[in-house]
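Participant: This structure is in structure tokens; I'll ask about it shortly.
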Amino acid sequence: VLKRTPLIAGNWKMNLDHLQSIAFVQKLAWSLEDAKHDFDSVEVAIFPPFTDLRSVQTLVAADKLSLAYGGQDVSAHDSGAYTGEISGQFLAQLDAKYVLIGHSERRTMHGESDEIVAAKVNAAIKHGLVPVICVGETAEDLEKHGQSAVPVAQLKVALEGLKADADVVVAYEPVWAIGSGQAATPEQAETVGAALRAVVAESLSADAAAATRILYGGSVKSGNIAGFMREPNVDGALVGGASLDIAEFAAIVRYQK
Ligand code: PEP
């Protein structure tokens, strides 16, 4: 039986400048080291602002930290006249492993369509990054279409044309649960997680479906993480607000303790 290594990921959004990021990563690393955290049993990743990534790379390399990191977005293009955009190649050169794609804040505030998300997923894979594909329904979607329909439709477009063995992570983030303090229930996360895994099986392959981590995101805290992690189709969490508090994030990472 293939075992999926759980992934706990922190999305910093537009918080912590490059100096703050150094202090934060050092303290987080000490905290996890003190607790003898086993990074092979629960992987940890952070998503700092672009301007922090060079500092984070330097610190992770110098201290040989087992901390993965990535960008919060990536351009669909490789290079050229795209003012303000960041190429996947640049992220890969900074040893980024992951990249968030299609976060609900990008979809709503920056007009990212499912097609743009799909183009970015392709760009990420082309540059050797693992896309963390964010999907989720709004409160209105939930009322109109139920819980799974919108995330399932979003994921189908995002995976179109990928190879059967593509390495992706899926983050199910109900928009109504993000930053609201009102998390989904573990049962809701499981229901949608199972539906999303079926999409991976159909769009990529059964092997990819067995290997793909499906994260839950939306008001995850140290007090509710264990309930989510007990579900067979929840393989980790994407954490926003709580990822900015070192003790709280470390407690989420150590949900098994
Ligand atoms: C997010 O924005 O990815 C998120 C899950 O935020 P929060 O944990 O603050 O709800």
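Participant: Along its three principal axes, how long is the range 107-189 when you only count alpha carbons? Whole Å, largest extent first please.
Facilitator: Computed over the Cα atoms, the extents are 36, 27, 22 Å.
Participant: For His145 paired with Thr108, estimate the spin-label separation in nm (one decimal), with each label point 7 Å from Cα along the Cα-to-Cβ line.
Facilitator: My value for the distance between the label points is 1.6 nm.
Participant: Report the label-to-label distance for Ser180 and Ala201 in nanometres (one decimal), using points 7 Å from each Cα along the Cα→Cβ vector.
Facilitator: 2.9
Participant: Next up: How much length is gained on full extension from Ala247 to His77, taking 0.36 nm per residue of separation minus their Cα-Cα distance?
Facilitator: Result for the pair: 57.4 nm of gain on full extension.
Participant: Also, I was wondering about something else. Compute the projected area of the convex hull of the Cα atoms of the range 13-93, averaged over all viewing directions, and report it in nm² to one decimal place.
Facilitator: 6.0
Participant: Let me know the shape class of the range 143-211, please: from the alpha-carbon gyration tensor, a ≥ b ≥ c as square roots of the eigenvalues, rounded when a/c is under 1.5, otherwise prolate if a/b is greater than b/c, or oblate.
Facilitator: Verdict is prolate for the range 143-211.
Participant: Using a cut-off of 19 Å between alpha-carbon atoms, which lysines can reach Lys120, once sequence neighbours fewer than 8 places away in the same chain are excluded?
Facilitator: Lys13, Lys97, Lys156, Lys163
Participant: Oh, and also: Rounded, prolate or oblate: pick one for the range 135-179, where a ≥ b ≥ c are the square roots of the eigenvalues of its C-alpha gyration tensor, a/c under 1.5 means rounded, and failing that, prolate if a/b is larger than b/c, else oblate.
Facilitator: oblate
Participant: Explain nothing, just the number: dipole magnitude of the chain about its Cα centre with +1 on each Lys and Arg Cβ and -1 on each Asp and Glu Cβ, in debye rounded to the nearest 20.
Facilitator: The calculation lands at about 420 debye.
Participant: While we're looking at this one, here's another question. In the range 7-253, with Lys and Arg counted as +1 and Asp and Glu as -1 at Cβ, which of these residues, Cys134, Val199, Trp176, has the Cα nearest the positive end of the dipole, that is, farthest along it?
Facilitator: Cys134
Participant: While we're on this one: Classify the range 48-180 from the C-alpha gyration tensor, please: rounded if a/c falls under 1.5, else prolate or oblate depending on whether a/b exceeds b/c.
Facilitator: It comes out prolate by the Cα gyration axes.
Participant: Moving on to the next point. Which percent of Cα-Cα pairs in the range 7-253 sits in each 5 Å bin, short to long?
Facilitator: Distribution as computed: 1, 7, 15, 19, 21, 18, 12, 6, 2, 0, 0 percent.
Participant: If you don't mind, there's one more thing I want to ask. Spelling out what I want: for every residue of the range 14-24, take phi, set θ = phi - 60°, compute 6.51 cos²θ - 1.76 cosθ + 1.60 (Karplus), and round to whole Hz; glycine and proline get x.
Facilitator: Working through the residues one at a time gives 8, 9, 6, 7, 5, 6, 4, 5, 5, 4, 5 Hz.
Participant: Let me ask you something else. Note down the Stokes-Einstein diffusion coefficient of the range 182-240 in µm²/s, whole number, using a Kirkwood radius over alpha carbon pairs, 37 °C, and 0.692 mPa s.
Facilitator: D, rounded to a whole number, is 283 µm²/s.
Participant: Got a sec? How would Lys257, Lys27 order by Cβ neighbour count within 10 Å, fewest to most?
Facilitator: If I rank by nearby Cβ atoms, fewest first, I get Lys257, Lys27.
Participant: Enumerate the calculated ³J(HN,Hα) couplings along the range 173-183 in order (Karplus 6.51 cos²θ - 1.76 cosθ + 1.60, θ = phi - 60°), each rounded to whole Hz, writing x wherever the residue is Gly or Pro.
Facilitator: Once θ is set to phi - 60°, the couplings for the range 173-183 become 10, x, 4, 5, 9, 6, x, 9, x, 10, 6 Hz.
Participant: A further question follows. What are the extents of the Cα atoms of the range 154-257 along their three principal axes, listed from largest to smallest and rounded to whole Å?
Facilitator: 40, 28, 23
Participant: Divide by every residue of the chain the summed helix terms, -39500 (n - 2.57) for each DSSP H run of at least 4, and state the resulting mean residue ellipticity at 222 nm, rounded to the nearest 500 deg cm²/dmol.
Facilitator: Helix-only estimate at 222 nm: -12000 deg cm²/dmol.
Laboratory data are not the source of any read-out in this text; all were calculated from the coordinates shown. Computed from a prediction, not measured in an experiment: that's the story for all the values here. No Cβ is skipped: glycine too gets one built from the backbone with ideal geometry, and neighbour counts run over all protein chains shown.
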